[in-house]
Each structure stands twice: as structure tokens, then as C-alpha cells.
1. List the pair-distance distribution P(r) of the range 55-106, using every Cα-Cα distance, as the percent of pairs falling in each 10 Å bin from 0 up to the bin containing the longest distance, rounded to whole percents.
2. Measuring with a 1.4 Å probe in the full set of protein chains, what accessible area per residue, in whole Å², belongs to the range 47-127?
3. Percent of accessible area on the range 54-127 owned by carbon and sulfur, 1.4 Å probe?
4. What order, most packed first, do the peptides 52-62, 68-78 have when packing is the mean number of other Cβ atoms within 10 Å of each residue?
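The values are calculated or read from the model by the stated rules, or taken from the named source; none is laboratory data. What you see is a predicted model, and the numbers here were worked out from it, not measured in a lab. Note: ideal-geometry Cβ built from the backbone for every residue, glycine included; neighbour counts use all protein chains shown. Just so you know, the surface numbers come from the protein's heavy atoms only, side chains and all, with ligands and any DNA or RNA stripped out. Shrake-Rupley method; radii C 1.70, N 1.55, O 1.52, S 1.80 Å.
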Amino acid sequence: MKKEGFEAGKGASRKRSLSKVNEQNNDEIKETTISSHNPKNSLELPYKKKRLKKTDPLAKAKAAALQRKEEKVRDLEERELQKQQHEKKISERKKRSRVMMKRTRRGQPIMKNIITGLLGKLEEERK
């Protein structure tokens, strides 16, 4: 109502005189220009609020995808390790079987190889 020229409490039909309205507007303008040039009053100006970062709507999905990817990598590493261990076992078995299959001229197994194999098994059990 003030901007339209009516005074509060005096009845809605009475308008203010234009000179009073112009004087009040001029005073407000002067105050704002003075406060903006005065370095002491510059601190009193309202500060700008920091903009909050928007939350990522796909954050959960991205986290889940990253976790799945890490699990996949771990699984691949484990498989590779198991494969290497399996190949190592097979090669040791083949070596052992070659040694155990050796025979004398008369077809008897070589006792030295059999005894060393048995000793090796006993030592593994002891550990």
C-alpha cells in the first residue's frame, strides 16, 4: 500500500502527496549508495549463499556397478591363481607317475623310487 501512495492508518481513500513519496525513495537510494561505497558497511551486505551440489540420482547405481566390477576383477584373479595351481599339481603328478612307472629289466618296480615317494608323503603329513 505504501508504494501505491496510501498511508497506513489514515484511511484507504487518502493518498500521500507525491513529494513525500519521492523524498522517501531518494533517501533510500542515497543510503544504499553510501553503504556500498563505505568499506566498513560493505561487510554488512548480505553474503551470497554457497550453492549446494546436487545429489547424483545414479549414485547408488554407480556404486553398485563399481562394486560388481571390482568383484569381477577379484574373481578373475582367483580363477587365474587356481588355474596355475591346478597346472602345477598336474605337472607334479606326471613327474611322480613317470618315476613310479620305471621298472627293472625283469619288470619289477624300482624300490628306490617307491621308498622316496612314501617318505615324501610321510613328510607332508608331518607338516
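1. Bin by bin from 0 Å, the calculated values are 21, 21, 17, 15, 11, 7, 4, 2, 0.
2. Numbers: 9060 Å² over 81 residues.
Per-residue value: 112 Å².
3. Values: 4220 of 7770 Å².
Carbon-and-sulfur percentage of accessible area, whole number: 54.
4. Details: 52-62: 8.2, 68-78: 10.0.
Going from most to least packed, we get 68-78, 52-62.
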